[in-house]
Amino acid sequence: MTKNDKADPATPARRALRAQIDENLRRVYDAALQEDMPDRFKDLLAQLQARDAEGKGEQS
């Protein structure tokens, strides 16, 4: 705890608010990780991988 923490009566409330924000951000992040990748992204990745494979084949 810093010197300013003791002098600031709102510090416990701020800590509680920060903890609530952290928890909400974790929930949103976890939910985003569970979502499927959009088909458009999958298509773009497949195109990039195909180009990469073609480029490596030409250099060999």
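Every number here is computed from the coordinates shown, using simple stated rules; none is lab data. These numbers come from a predicted model, not from an experiment. As a convention, Cβ positions derive from the backbone with ideal geometry for all residues, glycine included, and neighbour counts pool all protein chains shown.
Distance between the pseudo-spin-label points of Phe41 and Ala10 (7 Å out from Cα toward the beta carbon): 3.8 nm. According to the Kirkwood relation over distinct C-alpha pairs, the hydrodynamic radius of the stretch 15-59 is 13.6 Å.
Full extension of the segment from Asp22 to Lys56, taken as 0.36 nm per residue of separation minus the current Cα-Cα distance, would add 7.9 nm.
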